[in-house]
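I have placed the structure first, in the form of structure tokens, so that the comments after it can refer back to it.
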Amino acid sequence: MAAANHNTVKYGIIGVGMMGREHLINLYHLRGEGVAVVAIADPHIPSQQLALELAQSFNWPLKIFSGHQELLNSGLCDVVIVSTPNMTHYQVLMDIINHPKPHHVLVEKPLCTTVAHCKEVVNAARKRPDILVQVGLEYRYMPPVAKLFEIVKEGSLGQVKMVAIREHRFPFLVKVNNWNRFNENTGGTLVEKCCHFFDLMRLFVGANPVRVMASGAIDVNHKNEIYDGRVPDIIDNAYVIVEFENGSRGMLDLCMFAEGSKNEQEISVVGEIGKGEAFVPESIVRFGTRVAGRDAVQTLKADDDRIKYDGLHHGSSYLEHLNFLSAIRTKGEKAPAVDLQDGLISVAMGVAAQLSIEKGRFVTIEETMAEHKF
């Protein structure tokens, strides 16, 4: 596991595009915790170069590989971060899990682009108790979301009945070779982007999903873009309703042409006795009870003084790394906070939503978890 000298945990990053470099910066800010990035793997030379420049500015010597297999074979790393394009996660993860040397893994969301691939990864990882795998559903760690979850857990709102999540934001960013413009590469917008929110719904209601109904379309973005003669097919807005085993319901309102928003995410959780809301990036939490009414609603500023780097996700990636490092250091006694099952179910919910739009009907999670293709 950790190297003997100074107990430094040595990281490798597979895929150093925008998110891979974001992980590199987060780990640099964690250097006081005894971590170092020692290797990267990426076939894309411009991404390699940008990562190398960052590492040089941090005074971290890096070994550069063009492929993940070479990085694994080098034996340099205790932990690997997988931040490659979505459609590559399955093969990369299987190669890591099947490698003779154990590497702990933090894999970016979504776990894989299909439920079948997620299940294969889950099953393969079960045979490797020497490896910890955490899925990068880091929105759980955003201070206002974490604070709202605390309020729910304390029972201040009573049993949760409804969770409404609104994400009104900018369009998808441009990625290497425009891989994120097509469903076949991303799993679809509701898998690629929204597995975060399906994961949060599950967390807040404390139950597993049963069925999903969605309506969505490509209405504004990417319609005039052409790549290799093809027009993007990723949706840019949707409404999704999720029903859970305990009778709770979740609703997602997604719009990716809504730059004119004060907050990118607004999360509302309503229980039998009260209501709580979280706002990002304002980092505000509001909560109140039915009995006390509107005048007694409290407003809190949510922050976390452990965060040394805010980055692209309001400090949540930093906290995600802190949490995973703690699980690694306790040699697995402390399980990763977001495990493979969480990753699998968040993808299954996104797949069900994508399928619901296509079929124009409710889709059960049982259907999406079945092996057959639709």
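The values are calculated or read from the model by the stated rules, or taken from the named source; none is laboratory data. Since we're looking at a predicted model, the values are computed, not measured. In this analysis, Cβ positions are derived from the backbone assuming ideal geometry, glycine residues included, and neighbour counts consider all displayed protein chains.
Things worth noting here:
- All of (1) crowded, with 23+ Cβ neighbours inside 10 Å; (2) among the hydrophobic types (A, V, I, L, M, F, W, C); (3) in contact with an Asp or Glu (Cβ under 9 Å, 6 or more places away or on another chain); (4) not assigned by TED's automatic domain parsing to the domain that holds PRO85 hold for PHE182 with one exception: (1).
- Candidates LYS275, LYS331, LYS308 - the one that is out of contact with any Phe, Trp or Tyr (no Cβ under 8 Å at 6 or more places or on another chain), of a type in the set (Lys, Arg) and surrounded by fewer than 22 Cβ atoms within 10 Å (Cβ to Cβ): LYS331
- Qualifying residue in the stretch 194-209 (condition: touching a strand residue (DSSP E or B) at 6+ places or on another chain (Cβ under 8 Å), at pLDDT 95 or above, of a type in the set (A, V, I, L, M) and in a strand (DSSP E or B)): no
Here's the yes/no breakdown for (1) more than 23 Å from LEU322 (Cα to Cα); (2) assigned to a helix (DSSP H, G or I); (3) modelled with pLDDT under 95; (4) not aromatic (Phe, Trp, Tyr):
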| position | (1), (2), (3), (4) |
| --- | --- |
| ILE40 | no, no, no, yes |
| PRO43 | yes, no, no, yes |
| ILE64 | yes, no, no, yes |
| LEU71 | yes, yes, no, yes |
| CYS77 | no, no, no, yes |
| ASP95 | yes, yes, no, yes |
| ASN123 | yes, yes, no, yes |
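- For the stretch 47-77, a residue qualifies if it is within 14 Å of TYR11 (Cα to Cα) and touching a Ser or Thr at 6+ places or on another chain (Cβ under 9 Å), and the qualifying residues are LYS63, PHE65, HIS68.
- Of note, LYS262 does not satisfy the criterion of being closer than 22 Å to PHE204 by Cα, without any contact (Cβ under 8 Å) to a residue 24 or more places away in the chain, out of contact with any Pro (no Cβ under 8 Å at 6 or more places or on another chain) and outside any strand (DSSP E or B).
- If only residues of the stretch 132-155 that are assigned to a helix (DSSP H, G or I) and among the charged types (D, E, K, R) are counted, the one that is farthest from the chain's Cα centre (by Cα) is LYS153.
- Residues being part of a loop (DSSP other than H, G, I, E, B) and either out of contact with any Asp or Glu (no Cβ under 8 Å at 6 or more places or on another chain) or modelled with pLDDT under 95 (or both) - total across the stretch 235-257: 5
- Some residue of the stretch 300-313 being farther than 29 Å from THR8 by Cα and either in contact (Cβ under 8 Å) with a residue 40 or more places away in the chain or of a type in the set (Val, Ile, Thr) (or both): yes
- Members of the stretch 157-168 that are surrounded by 17 or more Cβ atoms within 10 Å (Cβ to Cβ) and part of a loop (DSSP other than H, G, I, E, B): LEU157
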